[in-house]
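Below: one structure, written as structure tokens.
The values are calculated or read from the model by the stated rules, or taken from the named source; none is laboratory data. Quantities reported herein were computed from a predicted structural model and do not represent experimental measurements. Virtual Cβ from ideal backbone geometry, glycine too; neighbours counted across all protein chains shown.
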Amino acid sequence: MPFLTPCCDWLPHSGDVLHAAAECASDAGAPPADVAVMLQRALDQGYLLALRLSRGDTDAQLGVAEVRLALARLAAAAGDGASALALASQAADSYGCALGRPATMGTVSERMEAQYNFACAAANCGACHVGLV
């Protein structure tokens with residue numbers, strides 16, 4: 001089905017746009033619950049959909065990780081330690097999957113950023129009882 005190929009190319013970017021909109025809303029003072037809904041849309045309508053069509057899409061895998069870490073921080077700020085721990089763990093797993101394919105990650109700088117974010121997500125798995133940094 002050649003008509004699906006272009007979709008695979010733009011779906012992670014769809015997640016990027018929705019993720020950026022959530023960050024802008026957060027910076028503008030939107031309620032955390034609204035930001036969480038926007039982040040979930042970035043996952044469902046962007047990154048996860050792209051992964052369903054192409055499991056090897058590293059950009060989508062990194063987007064999943066970034067959004068889950070953002071959701072973990074929101075959950076921790078709301079006092080929901082169990083959700084924060086689960087989301088931080090999922091984020092660490094997603095970063096780990098992407099880092100397992102370093103040749104698909106672009107520049108050295110992008111790989112280093114992903115490694116740093118992976119370390120943050122992994123550290124947050126143990127820090128959920130005191131809140132995510």
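The rows are residues; the columns are (1) small (Gly, Ala, Ser); (2) farther than 18 Å from Ala33 by Cβ.
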residue	(1), (2)
Val67	no, no
Ala70	yes, no
Arg73	no, no
Ala78	yes, no
Tyr95	no, yes
Ala98	yes, yes
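Looking across the stretch 55-85 at every residue that is surrounded by fewer than 20 Cβ atoms within 10 Å (Cβ to Cβ) and over 18 Å from Ala42 (Cβ atoms), the one that is farthest from the chain's Cα centre (by Cα) is identified as Gly79.
Of everything in the stretch 27-85 that's among the polar types (S, T, N, Q) and out of contact with any Lys or Arg (no Cβ under 8 Å at 6 or more places or on another chain), which residue is nearest to Ser14 (Cα to Cα)? My answer is Gln45. Within the stretch 65-79, can you find the residues that are in contact with a helix residue (DSSP H, G or I) (Cβ under 8 Å, 6 or more places away or on another chain) and of a type in the set (Gly, Ala, Ser)? Of everything in the stretch 65-79, those that are in contact with a helix residue (DSSP H, G or I) (Cβ under 8 Å, 6 or more places away or on another chain) and of a type in the set (Gly, Ala, Ser) turn out to be Ala65, Ala70, Ala72, Ala75, Ala76, Ala77, Ala78. Can you say whether Ala28 is of a type in the set (Gly, Ala, Ser) and at pLDDT 90 or above, as far as the supplied structure shows? Considered against the rule, which asks whether it is of a type in the set (Gly, Ala, Ser) and at pLDDT 90 or above, Ala28 comes out as yes.
Counting only residues that are assigned to a loop (DSSP other than H, G, I, E, B) and touching a residue at least 24 places away in the same chain (Cβ under 8 Å), which one in the stretch 34-87 is nearest to Thr107 (Cα to Cα)? Spell out the reasoning first.
Initial filter on the stretch 34-87 (assigned to a loop (DSSP other than H, G, I, E, B)): 54-57, 78-80.
Retained after the next criterion (residues that are touching a residue at least 24 places away in the same chain (Cβ under 8 Å)): 54, 56-57, 78.
Working: Ser54: 21, Gly56: 17, Asp57: 16, Ala78: 36 Å.
That would be Asp57.
Among the numbered conditions (1) over 25 Å from Ala77 (Cα atoms); (2) modelled with pLDDT of 90 or more, the only one that Asp44 does not meet is (1).
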